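Engineer: Could you have a look at this structure, given as structure tokens, before my questions?
The values are calculated or read from the model by the stated rules, or taken from the named source; none is laboratory data. Given the structure is predicted, the values throughout are model-derived calculations rather than measurements. Cβ atoms come from the backbone with ideal geometry, glycine included; neighbour counts cover every protein chain shown.
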Amino acid sequence: MKTPSFARHTVRLCSSLLLGGLLLTSSASHADALQDIQKNGVLRVGVFQDYPPFGSIGPDMKPHGYDIDMAELLGKALKVKVDLVAITGDNRMAFLADHKVDVLLSVGQTPERAKVIDFTDAYAPYYLAVFGPTALKVKNAGDLAGKTISVARGTLEDLSVSKVAPSSATIKRFDDPNGAISAFLSSQVQLMVVGNDVGATIIARQPAIKPEQKFSLFSSPDHVGLNKNEGPLKEKINLAIAKAKKDGSLNAISQKWLRTPLPATL
């Protein structure tokens with residue numbers, strides 16, 4: 001199975017190669033993005049299409065996922081049509097700098113990125129969490145005592161759980177995320193640490209195991225990314241996000257795709 005968590009961490013949390021060079025080519029004097037969007041009647045949204053449950057191609061050959069629903073929510077708020085633009089971790093910053101897209105979804109906020117792009121308020125939770133079968137009672141790090149836990153060696157998952165796990169916990173490290181997940185699914189370990197996106201996919205696809213999220217570790221929420229100096233567009237999107245949080249729209253999207261309520265702290 002695909003394991004988007006490892007790839008997403010590479011894209012989201014490591015320093016973006018050539019990020020500054022790519023985005024410094026973007027002109028701050030570019031015409032107001034919100035005016036362009038409203039004039040053209042189209043919001044171009046850069047989305048991943050290979051990272052379920054945030055974005056993937058469904059059986060009907062159409063994109064589905066949290067970010068797809070979020071894009072439609074933004075389109076309604078701006079009263080324009082939505083043009084979903086497939087992006088990758090390698091090209092998405094260049095697409096934004098070159099104005100091939102108006103906004104990007106699933107962008108983790110880092111100090112490096114904040115120097116060259118702007119961020120709206122967070123719209124989706126993204127974090128690492130401990131997952132295990134419903135029957136196994138684990139509510140916090142202390143409950144990991146005596147338990148076996150699988151992780152991909154050297155990843156943020158590994159570092160995060162190693163910091164909090166009691167000395168009596170056994171952390172089994174695998175060469176890649178596939179190995180860590182397979183160990184959990186085959187009952188070689190009792191628990192695993194993965195991103196909430198991977199966890200939600202496993203919960204949906206492995207009902208016989210009855211997996212559930214136990215507690216969260218490292219958190220890096222998703223923001224809408226946009227070019228610098230686009231104040232009106234940022235304000236409009238922030239208003240849409242605030243409204244969606246208040247009326248329950250974002251919570252419904254979270255329940256649908258992540259199988260967990262939107263965190264109160266988001």
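Engineer: Among the small types (G, A, S) and in contact with a Ser or Thr (Cβ under 9 Å, 6 or more places away or on another chain), is that true of A183?
Structural biologist: yes
Engineer: Give me a count of the residues in the stretch 212-253 that are polar (S, T, N, Q) and surrounded by 22 or more Cβ atoms within 10 Å (Cβ to Cβ).
Structural biologist: Of all residues in the stretch 212-253, those polar (S, T, N, Q) come to 213, 216, 219-220, 227, 229, 238, 249, 251.
Filter once more, so that each one left must be surrounded by 22 or more Cβ atoms within 10 Å (Cβ to Cβ): 227.
Qualifying residue count for the region: 1.
Engineer: Which residue out of A124, A152 is among the aliphatic types (A, V, I, L, M) and farther than 26 Å from G231 by Cβ?
Structural biologist: Selected residue: A152, the only one of A124, A152 that is among the aliphatic types (A, V, I, L, M) and farther than 26 Å from G231 by Cβ.
Engineer: Mind telling me which of the residues T148, T120, T170, T155 ends up being touching a Pro at 6+ places or on another chain (Cβ under 9 Å) and of a type in the set (S, T, Y)?
Structural biologist: The conditions single out T155.
Engineer: Being touching a strand residue (DSSP E or B) at 6+ places or on another chain (Cβ under 9 Å), among the aliphatic types (A, V, I, L, M) and either farther than 16 Å from L128 by Cα or assigned to a strand (DSSP E or B) (or both) is the filter here; which residues of the stretch 176-220 pass it?
Structural biologist: Across the stretch 176-220, the qualifying residues are A183, L185, V189, L191, M192, V193, V194, I209, L217.
Engineer: Go through the stretch 159-175 and count every residue that is in a loop (DSSP other than H, G, I, E, B) and not polar (S, T, N, Q).
Structural biologist: Qualifying residue count, the stretch 159-175: 4.
To keep it simple, each residue is scored yes or no on (1) farther than 19 Å from P125 by Cβ; (2) touching a residue at least 40 places away in the same chain (Cβ under 8 Å); (3) touching a helix residue (DSSP H, G or I) at 6+ places or on another chain (Cβ under 7 Å); (4) in the same structural domain as L136 (by TED's automatic domain parsing).
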| position | (1), (2), (3), (4) |
| --- | --- |
| D175 | yes, no, no, yes |
| G179 | yes, no, no, yes |
| F184 | yes, yes, no, yes |
| V193 | no, yes, yes, yes |
| N196 | no, yes, no, yes |
| T201 | no, yes, no, yes |
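Engineer: On to the next question. Considering only the stretch 247-266, how many residues are within 20 Å of Y126 (Cα to Cα) and free of Cβ contacts under 8 Å to residues at least 40 places away in the same chain?
Structural biologist: 7
Engineer: Now a separate question. Among the residues of the stretch 110-158, how many are part of a helix (DSSP H, G or I), at pLDDT 90 or above and more than 23 Å from P53 (Cα to Cα)?
Structural biologist: Qualifying residue count for the region: 5.
Engineer: Is the stretch 124-147 home to any residue that is polar (S, T, N, Q), over 30 Å from I171 (Cβ atoms) and either touching a residue at least 60 places away in the same chain (Cβ under 8 Å) or out of contact with any Asp or Glu (no Cβ under 7 Å at 6 or more places or on another chain) (or both)?
Structural biologist: Pass one, the stretch 124-147, residues polar (S, T, N, Q): 134, 140.
Filter once more, so that each one left must be over 30 Å from I171 (Cβ atoms): none.
No: the stretch 124-147 contains no residue that is polar (S, T, N, Q), over 30 Å from I171 (Cβ atoms) and either touching a residue at least 60 places away in the same chain (Cβ under 8 Å) or out of contact with any Asp or Glu (no Cβ under 7 Å at 6 or more places or on another chain) (or both).
Engineer: Just checking: which of the helices (runs of 4 or more DSSP H) contained wholly in the stretch 1-104 hold 3 or more residues that are at pLDDT 95 or above and either touching a Phe, Trp or Tyr at 6+ places or on another chain (Cβ under 8 Å) or of a type in the set (K, R) (or both)?
Structural biologist: 66-78
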